[in-house]
């Protein structure tokens, strides 16, 4: 009896280990949890369609961006979406297929006066930014320093928690425009923010990317499935 239990345990682990771990965050409209608790959105729909076409066993797990981003680098049997493709990330993942573009802007409090016409102008203010997301990397590459110029937050919703409880800490926040547009429909505090400066020539492409140690056969199956559907 014990031998059967051991065999079943090993078999169950093998099945679990073979399942592709797909990691993501809440990022409307690309992927977000609806009122029924389902992950929906243009990127989520495309990812499911491609993986189903590839006939791959997978699970999708949603967490904060920092947790998701770090886990995708540690776990060899994992992929991540929607991740912005950037030079600083190029060698960290294999980039399998695109999901869409997005723009990013600085938003400020309506009851404050600002003078922002460039990235350099923004350095005179404290900007809230989500830890390790593309905007965070982009600002650091352009001379912004954590704690000096940047107030690090964990999630998009932290912006509105700051507005509600510690508004005095906030000068600016840098956000995806499409994400802010979505949140503005349901979050009353969004009315306290206004767009001040959109990063020029930003237009970063979002991708479905995978850990570089993921098997080549799995990555090739995903690429072929995508190309069969979208090329």
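Here are the numbers for the structure shown:
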{"item": "Neighbours by Cβ (under 6 Å, 6+ apart or cross-chain): first from segment 200-226, in contact (Cβ under 8 Å) with a residue 60 or more places away in the chain; second in a loop (DSSP other than H, G, I, E, B)", "result": "202/103; 205/85; 207/85; 211/76; 213/76; 221/54; 222/54; 225/54"}
{"item": "Per-region count, segment 48-57, residues touching a strand residue (DSSP E or B) at 6+ places or on another chain (Cβ under 7 Å) and either more than 25 Å from residue 230 (Cα to Cα) or surrounded by fewer than 16 Cβ atoms within 10 Å (Cβ to Cβ) (or both)", "result": "1"}
{"item": "Failed item, numbered, when residue 210 is tested on (1) over 29 Å from residue 33 (Cα atoms); (2) in the same structural domain as residue 65 (by TED's automatic domain parsing)", "result": "(1)"}
{"item": "Every residue from segment 166-181 that is under 11 Å from residue 195 (Cβ atoms) and free of Cβ contacts under 8 Å to residues at least 24 places away in the same chain", "result": "181"}
{"item": "Filter result for residue 214 (assigned to a loop (DSSP other than H, G, I, E, B), surrounded by 20 or more Cβ atoms within 10 Å (Cβ to Cβ) and modelled with pLDDT of 95 or more)", "result": "yes"}
{"item": "Wholly enclosed helices (runs of 4 or more DSSP H) of segment 112-199 bearing at least 1 residues at pLDDT below 95 and either assigned by TED's automatic domain parsing to the domain that holds residue 64 or touching a strand residue (DSSP E or B) at 6+ places or on another chain (Cβ under 8 Å) (or both)", "result": "134-141, 158-165, 177-184"}
{"item": "Residue 154 vs. criteria surrounded by fewer than 18 Cβ atoms within 10 Å (Cβ to Cβ), without any contact (Cβ under 8 Å) to a residue 12 or more places away in the chain and touching a helix residue (DSSP H, G or I) at 6+ places or on another chain (Cβ under 8 Å)", "result": "no"}
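Let's see how each residue does on (1) surrounded by 15 or more Cβ atoms within 10 Å (Cβ to Cβ); (2) under 30 Å from residue 225 (Cα atoms); (3) under 15 Å from the mean Cα position of the chain (by Cα):
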site: 64; (1), (2), (3): yes, yes, yes
site: 80; (1), (2), (3): yes, yes, yes
site: 110; (1), (2), (3): no, no, no
site: 117; (1), (2), (3): no, no, no
site: 125; (1), (2), (3): yes, no, no
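The values are calculated or read from the model by the stated rules, or taken from the named source; none is laboratory data. All of these numbers come straight from a predicted model, not from anything done at the bench. Cβ sites come from the backbone with ideal geometry, for glycine too, and all protein chains shown count toward neighbours.
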